[in-house]
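What follows is a single structure, written as structure tokens, with notes after it.
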Amino acid sequence: MWLPSAYLPVPTLLAPPAPATTPLLACSHCGDTCPDEPIRLPAEPALHFCCQGCKAVYELLAASNLCTYYRLDEKPGQKVKEVELPGRFDYLDSEAVQGQLLAFRSPTLARLTFSIPQMHCASCIWLLENLFKLNPGISSSRVNFLRREVAVSYQPAVTSLKEVVKLLAAVGYEPRITLAELGAQPHHASRTLYYQLGLAAFAFGNVMLMAFPDYFSFTEALQQGFGQFFGWLSMALSLPVLLVSARGFYQSAWQGLRQRYINLDFPISLGLTALFVTSVFEVATGRGPGYFDSFTGLVFFMLIGKWVQQRSYDALRFDRDFTSYFPVAVTLLGQDGEKSISVKELKAGQRIRVRNQEIIPADAVLLRGTGQIDYSFVSGESVPVPKVAGEIVYAGGRQVGEALELEVVREVSQGYLTQLWNNPAFQKEEKVSLETYANKVGRYFVALTLVLALGSIPYWYPRDPQMALRAFTSVLVIACPCALSLATPFALGAALRVQGRRQLYLKNAAVVETLGRADTIVFDKTGTLTDVKRSEVEYQGRPLTGPERQAVAALVAQSTHPLSQRLATELQASAWPVQGLREVPGQGLRGTVAGLEVKAGSAAFVGLAPAAEASASTTDSLQSRVHISLAGEVAGCYLFRNVYRDDLRSVLNGLGRRYRLAVLSGDNDTEQDRLRQLFGPEAELRFRQTPQDKLDYIAGLRQQGRTVVMVGDGLNDAGALQQADAGIALTDTLSNFSPACDAILDAGSFGRLSTFLNFSKDCLQVVLATFVLSFCYNGIGLGLAVQGRFTPIVSAILMPISSLSVMVFATLLVRLAARMNRL
């Protein structure tokens with residue numbers, strides 16, 4: 001998860017605090033011990049540095065007014081290595097190296113992701129996200145703290161890759177660079193957890209063995225002879241557990257307190273501290289062997305719970321699992337002609353065709369055609385970048401113009417396409433979600449846990465001091481708001497995978513919640529309600545010559561609109577080049593083919609008079625038309641007899657009882673009677689709608705408080721899909737990938753649309769059921785723990801069991817809901 005700067009403390013540009021006067025001074029940058037004669041700044045004698053490297057970093061930050069870095073964390077810097085090999089980063093000037101490292105490159109912008117293993121605190125995040133203040137050539141930098149990565153965008157005309165890396169090294173964050181694909185490096189956080197778990201298990205087993213005499217009366221002689229010795233030995237074994245195995249709990253609790261937030265690890269750390277301190281006191285005073293067996297067992301079972309949660313969150317990493325079935329397709333050119341394949345099957349060296357408004361799925365070399373690549377999804381720049389044959393085009397660009405023939409040079413990274421799909425520019429405005437509610441409840445729950453734990457001490461201590469410690473620790477440990485936080489993502493994540501297997505591909509799990517809350521469904525007509533591939537094509541007008549037919553075929557082949565693709569198939573599209581191609585969404589396209597100006601689209605687009613259009617439209621109420629203009633003269637039109645999808649009536653019957661329905665069509669109203677028969681008297685039908693009209697209509701519905709789902713073809717409806725609470729792009733080829741949509745629905749699964757929405761509603765009920773389960777567990781567990789019925793070890797065992805039970809319960813209920821909905 002990308003951690004935005006908004007979650008960090010508000011910076012105040014102050015100098016770092018002067019260290020306390022002690023015989024051994026700490027470096028003001030990294031905190032290491034300074035030599036007997038520390039390095040000082042003449043202007044600020046209160047500051048001390050252990051080496052010239054730390055001094056240089058401070059001066060660099062101070063010159064750019066970035067000393068807030070020191071206010072966010074005490075001594076946050078990394079010790080800077082003094083040895084610097086000359087020319088160590090010269091290899092980054094190589095074009096071959098840059099070609100392997102850069103994810104995107106244009107004359108105005110370059111992007112790549114660095115692995116920063118030194119990143120460790122809020123100050124690191126703040127500094128790394130303010131690199132643009134240190135180097136004006138850096139446009140932006142975004143930190144992924146969990147992966148220890150920073151995505152950097154810079155301007156090649158102002159700075160270079162080498163300068164960016166040198167800057168990172170200069171401030172103590174030298175990136176780990178490999179010439180393999182960055183981002184594919186393994187995450188090593190779990191390895192540390194395994195070491196901590198192994199140490200805790202070793203100590204727990206041995207401490208339990210030495211505590212054996214305390215559990216049985218027949219070993220009293222052994223306890224009298226070796227009890228004190230075993231107590232000290234148990235403390236020696238428990239100390240590494242406290243310093244190493246339990247360190248993560250203390251670090252998390254401290255970070256939460258520094259951000260003025262009490263997280264789940266705070267009460268856990270409090271309980272561990274109480275157990276360890278009490279045990280040390282009892283052993284030191286000779287009162288008893290202490291509770292080191294409970295302490296080490298508690299840490300061991302808590303780490304097991306942490307491992308279970310980590311494995312659960314790994315299973316929910318949609319940026320990895322989701323891409324395994326992400327269905328974006330591409331047109332492959334082979335000896336047998338064109339065919340549509342999944343991008344997962346695309347290999348380097350294969351040739352593909354990319355039409356107007358289609359996304360380029362992989363880095364490739366342009367072989368034929370004139371490229372006008374819109375990289376707004378990648379760089380935010382909407383001005384198309386011209387490309388000619390022989391140049392590299394990068395994945396994520398959208399072609400604006402004639403169809404291109406490309407040769408793939410690097411296999412597809414679907415994770416990269418998913419990043420584009422989740423680009424912040426295409427995010428919906430945030431609403432309060434179930435997960436947000438769960439997080440808020442979790443905060444109050446932790447506060448309630450602390451009150452109960454502290455209240456158990458004055459209640460039990462006068463009666464039984466040992467019981468007071470047991471109740472205090474058990475309450476702190478058994479409380480598990482993490483089950484609340486797991487309920488929503490696990491249930492909705494399972495729903496996402498179920499729908500993905502049935503060819504409804506959702507952007508993220510939050511879309512499941514939106515679909516479950518929807519109350520209004522808006523449909524586009526052409527290509528959504530109608531099956532264009534099955535429509536019959538008829539030409540009306542003056543006869544066209546062979547070259548004119550080929551010119552029309554070459555023009556319409558450039559478009560991904562369903563009618564254009566159907567006409568291109570009917571006319572057997574040629575490979576004639578098209579000059580000056582321009583497509584106006586919702587109206588038509590035009591271009592010059594072999595010196596002949598060709599237009600194809602609506603009557604108004606080609607210049608047909610309204611009266612002529614009205615007379616032509618009365619011939620058949622079940623037809624769509626593509627009018628043709630050649631050299632400025634209207635030649636005729638192609639008629640497509642509309643064939644509605646087979647499952648349309650059953651889908652509308654399922655939706656009409658629960659949702660408000662509407663149709664927004666760019667065609668005329670000749671099919672109004674037919675659509676009214678299908679949709680019923682309550683549905684709203686609007687015709688001659690421009691893309692802007694559709695967007696405005698949906699915006700009006702949302703202002704009325706409705707939750708709107710828009711179903712369209714993903715191209716002409718991009719604005720409406722973006723405006724709706726959830727936009728579903730219906731496609732026959734899965735090639736209409738649009739970051740504006742929230743879901744891609746295979747046309748073969750259109751008949752399940754009502755079922756998908758009903759299943760999403762059921763999944764919201766599953767989340768509520770898991771909330772109830774979690775509350776029941778915590779209510780019963782806290783009640784018994786405050787009575788002293790549970791030992792700390794039993795509480796530690798029950799905590800991961802509760803999380804596991806919530807995950808199993810959510811998964812089983814989602815599968816049951818899927819089976820009941822026949823998914």
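Quick look at the numbers
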{"quantity": "Single condition ALA151 does not satisfy, out of (1) over 20 Å from ALA395 (Cα atoms); (2) under 22 Å from the mean Cα position of the chain (by Cα)", "calculated": "(1)"}
{"quantity": "LYS507 crowded, with 19+ Cβ neighbours inside 10 Å and of a type in the set (D, E, K, R)", "calculated": "yes"}
{"quantity": "Candidates ARG542, ARG534, filtered to the one that is at pLDDT below 85 and surrounded by fewer than 16 Cβ atoms within 10 Å (Cβ to Cβ)", "calculated": "ARG534"}
{"quantity": "Pair list, Cβ < 9 Å and 6+ apart or interchain, from the range 670-681 residues that are at positive phi to residues that are modelled with pLDDT of 90 or more", "calculated": "GLY680/LEU652; GLY680/LEU661"}
{"quantity": "Strands (runs of 3 or more DSSP E) contained in the range 619-734 and holding at least 3 residues touching a Leu at 6+ places or on another chain (Cβ under 7 Å) and within 18 Å of THR528 (Cα to Cα)", "calculated": "623-630, 708-712, 726-731"}
{"quantity": "Subset of the range 561-595 [part of a loop (DSSP other than H, G, I, E, B) and surrounded by 24 or more Cβ atoms within 10 Å (Cβ to Cβ)]", "calculated": "HIS561"}
{"quantity": "Any hit, the range 722-741, residues being at pLDDT below 85, crowded, with 23+ Cβ neighbours inside 10 Å and closer than 16 Å to LEU496 by Cβ", "calculated": "yes"}
{"quantity": "Looking only at the range 650-682, and only at residues there that are of a type outside the set (Ser, Thr, Tyr), within 36 Å of the chain's Cα centre (by Cα) and within 14 Å of LYS525 (Cα to Cα), the one that is modelled with the lowest pLDDT", "calculated": "GLY666"}
{"quantity": "One residue from ALA600, ALA557 being out of contact with any strand residue (DSSP E or B) (no Cβ under 6 Å at 6 or more places or on another chain), buried (at least 21 other Cβ atoms within 10 Å of the Cβ), modelled with pLDDT of 85 or more and of a type in the set (A, V, I, L, M, F, W, C)", "calculated": "ALA557"}
{"quantity": "Residue within the range 530-542 that is assigned to a helix (DSSP H, G or I) and not basic (Lys, Arg) present", "calculated": "yes"}
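Each row is one residue, and each column tells you yes or no for (1) at pLDDT 80 or above; (2) within 18 Å of PRO577 (Cβ to Cβ).
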position	(1), (2)
GLY371	yes, yes
VAL388	yes, yes
GLU391	yes, yes
TYR394	yes, no
GLY401	no, yes
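The values are calculated or read from the model by the stated rules, or taken from the named source; none is laboratory data. As the structure is a computational prediction, the values presented were derived from the model and not from experiment. Cβ: placed from backbone, ideal geometry, glycine included. Neighbour counts: every protein chain shown.
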